[in-house]
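Following: one structure in structure tokens, then a few remarks.
The values are calculated or read from the model by the stated rules, or taken from the named source; none is laboratory data. The structure presented is a predicted model; accordingly, all values stated were derived computationally and were not measured. Positions of Cβ are generated from backbone atoms using ideal geometry, with glycine treated the same way; all protein chains shown enter the neighbour counts.
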Amino acid sequence: MADVLSPEQRRRNMSRIRGRDTEPERIVRSELHRMGYRFRLHRRDLPGRPDIVLPRYGSVVFVHGCFWHRHRGCRYTTTPKTRAAFWQRKFEANVERDRQNVGELRRAGWRVLCVWECQTRNRVALARRLRSFLERTKNSRAILGPE
């Protein structure tokens, strides 16, 4: 199947895709800020450069795009019709890299939450999920004591 866009149009579209400070990421940061949490962004010294790092809570949050990180069962997880083998390899590499990064972070003692792009559309549910994750973290750290 031929691409409906010219190579120049496709190149222009793809060049506009951001890797950080995306709309879903800004929504999650906004919710965390409204709840009073303070955080750092994209710490280079951590595996996978988590989108949001809450050092006080020993927690990190990844905000994943459903398309790029292959959110199972999500309607936004589409696969391009052209160059299918290329895209399949790319998506598999993304998912494997995500799995490895989460594993390394957990082994290092970090708690990890992945928020999917589609989950940022319902702000109430998102806030509830973030609060639940961070409250569990707060409670477990209180039991274990300070580092």
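Numbers for the structure displayed
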quantity	calculated
Pairs with Cβ under 9 Å, 6+ apart, first in segment 34-45 and surrounded by fewer than 11 Cβ atoms within 10 Å (Cβ to Cβ), second not β-branched (Val, Ile, Thr) and not in a helix (DSSP H, G or I)	Arg38/Leu54
Given (1) within 14 Å of the chain's Cα centre (by Cα); (2) surrounded by 15 or more Cβ atoms within 10 Å (Cβ to Cβ), index of the condition Arg99 fails	(2)
Count - residues of segment 1-25 that are surrounded by 13 or more Cβ atoms within 10 Å (Cβ to Cβ) and modelled with pLDDT of 70 or more	3
Selection from segment 57-89 of residues that are of a type in the set (Lys, Arg) and in contact (Cβ under 8 Å) with a residue 60 or more places away in the chain	Lys81
